[in-house]
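See structure below.
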Amino acid sequence: MEDASQSSSVDSLTSLITAGEYGRVVKSLEELEAAAPEARKRTLRELRSLAEEQMGVFDGVVPALTPFLTDSERSIRLTTARLLVTIAESNPNAVVPVVESVAARLADEDEFYYVRARAAEVLGYVALEYPDEVSSPEVLANLRVGLSFDKSEVKEKLAKAIEYVAVGKPERLRHHASRLSEHLDNENELVRYHLTTALVAVGNEHPERLSGVTAALAERLGDENAHVRGRAAEALGVLAREGVYEESSLEATLEAPDGDDGSFVSDRVQFALDAVRESGAQERSGTLESDCDEFGTIESVRRTTSEAVDAISSPKSDEECPHCGVALPESGPPMCPHCGAPR
């Protein structure tokens, strides 16, 4: 049975946050640190629900949440990380003051891997709007190196963060294109998608950096996932548009769009083919007339990536967490990645 005083305390805290009484909120969160584990977890879950309903109310509050990122209870650290993901997705500015603490969770090799995954996701959302805050050499190294050694669930979030850094400020990853391309054959399709998309973003401003990864991109044209195929074609189209490619057979590699392949792929293959032909026409005439702004730009990636990820990550399992109802993968950790409860 729920303790009445505990329920009242949670309601009071959420009311204080909504009212902007940040001084009292900080004091309440400090008191929460000494509460029982279940009380801490329940309060953090309620705060996440509040963050989902009311964007912006956590400005000035987030730094007071950082002690829970190092809580002795793993489930509380995970719940806190999930709360920060929710805040960062809609209000990344509120999370900027705690980037260092979040990055420390990512860098801690002894941390539970789902906590590390969520930390990477937080950094990714911040990177879209404030790339300078999360693109230090140390953070980029943790994101990139983890692609080789981390569990699949963490790699997915690392790759997402890398994509968001690339979209936020392509030049930060201009020296990493070759190393990122080494992971384009990762077994996780979201990893492949995020990294291929990151290369589109980098190539948009630094196409010369993709000249050494054309073979890896061409291999993705046969990827089993349509959105990966589409992004690979788009990246090659960016190269062709800028006249930065070494393979004279690029047009043959792309082939004509398949009508059954879906518009995400066929439109981008057509974009790449048009870019190849127009680039050749430019060489012959000295002029280039192109209407390719719909593809191969930072804005086009921003506009289309969310829908693509939703399509790729549609649940492939009917199993649901009995505690929070989130869809669970067929194989995964013994606890729900959403609420931390045992499966």
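The values are calculated or read from the model by the stated rules, or taken from the named source; none is laboratory data. All of these numbers come straight from a predicted model, not from anything done at the bench. So basically every Cβ, Gly included, is an ideal-geometry build from the backbone, and we count neighbours across all protein chains shown.
Give the residues of region 209-245 that are in a helix (DSSP H, G or I) and either in contact with a Lys or Arg (Cβ under 6 Å, 6 or more places away or on another chain) or among the β-branched types (V, I, T) (or both), sorted by residue number. Correct list: R209, T214, V228, G230, A232, A233, E234, V238.
Within 17 Å of V99 (Cα to Cα), surrounded by 14 or more Cβ atoms within 10 Å (Cβ to Cβ), modelled with pLDDT of 90 or more and polar (S, T, N, Q): does that describe T70? Show your work before the answer.
Numbers: within 17 Å of V99 (Cα to Cα): yes; surrounded by 14 or more Cβ atoms within 10 Å (Cβ to Cβ): yes; modelled with pLDDT of 90 or more: yes; polar (S, T, N, Q): yes.
Yes, satisfied.
Looking at region 203-231, which of its residues are among the small types (G, A, S) and either within 22 Å of the chain's Cα centre (by Cα) or within 25 Å of S263 (Cβ to Cβ) (or both)? Of everything in region 203-231, those that are among the small types (G, A, S) and either within 22 Å of the chain's Cα centre (by Cα) or within 25 Å of S263 (Cβ to Cβ) (or both) turn out to be G203, A216, A218, G222, A226, G230.
Restricting region 96-121 to residues that are within 22 Å of V25 (Cβ to Cβ) and touching an Asp or Glu at 6+ places or on another chain (Cβ under 9 Å) leaves a set whose member that is surrounded by the fewest Cβ atoms within 10 Å (Cβ to Cβ) is V96.
Each residue in region 94-136 was checked for being within 17 Å of V167 (Cα to Cα) and part of a helix (DSSP H, G or I), and 14 pass.
For A281, the conditions (1) surrounded by fewer than 17 Cβ atoms within 10 Å (Cβ to Cβ); (2) part of a helix (DSSP H, G or I); (3) modelled with pLDDT of 65 or more all hold with the exception of (3).
Filter region 29-63 down to the residues that are more than 27 Å from the chain's Cα centre (by Cα) and farther than 24 Å from E100 by Cβ, then identify the one that is surrounded by the fewest Cβ atoms within 10 Å (Cβ to Cβ). Outline the logic, then answer.
Restricting attention to region 29-63, the residues satisfying the condition of being more than 27 Å from the chain's Cα centre (by Cα) are 29-40.
Now restrict to residues that are farther than 24 Å from E100 by Cβ: 31, 34-39.
Values: E31: 11, A34: 8, A35: 14, A36: 10, P37: 12, E38: 13, A39: 16.
Out of the qualifying residues, it is A34.
Only one residue in T66, T80 is part of a helix (DSSP H, G or I) and over 19 Å from the mean Cα position of the chain (by Cα). Which one? Quick ask: steps written out before the conclusion?
On the way: T80 fails: over 19 Å from the mean Cα position of the chain (by Cα).
That would be T66, the only listed residue that is part of a helix (DSSP H, G or I) and over 19 Å from the mean Cα position of the chain (by Cα).
The residue that is farthest from the chain's Cα centre (by Cα), among those in region 130-154 that are charged (D, E, K, R) and either farther than 24 Å from P97 by Cβ or surrounded by fewer than 16 Cβ atoms within 10 Å (Cβ to Cβ) (or both), is E138.
Anything in region 11-27 that is farther than 13 Å from P63 by Cβ and in a helix (DSSP H, G or I)? List them, or say none. Please lay out each step first, then the result.
Of the residues in region 11-27, the ones farther than 13 Å from P63 by Cβ are 11-21, 24, 27.
Matches in region 11-27: D11, S12, L13, T14, S15, L16, I17, T18, A19, R24, K27.
Could you grab me the full set of residues in region 192-208 that are surrounded by fewer than 24 Cβ atoms within 10 Å (Cβ to Cβ) and either farther than 20 Å from F271 by Cβ or in contact with a Lys or Arg (Cβ under 6 Å, 6 or more places away or on another chain) (or both)? The answer is H206, and nothing else.
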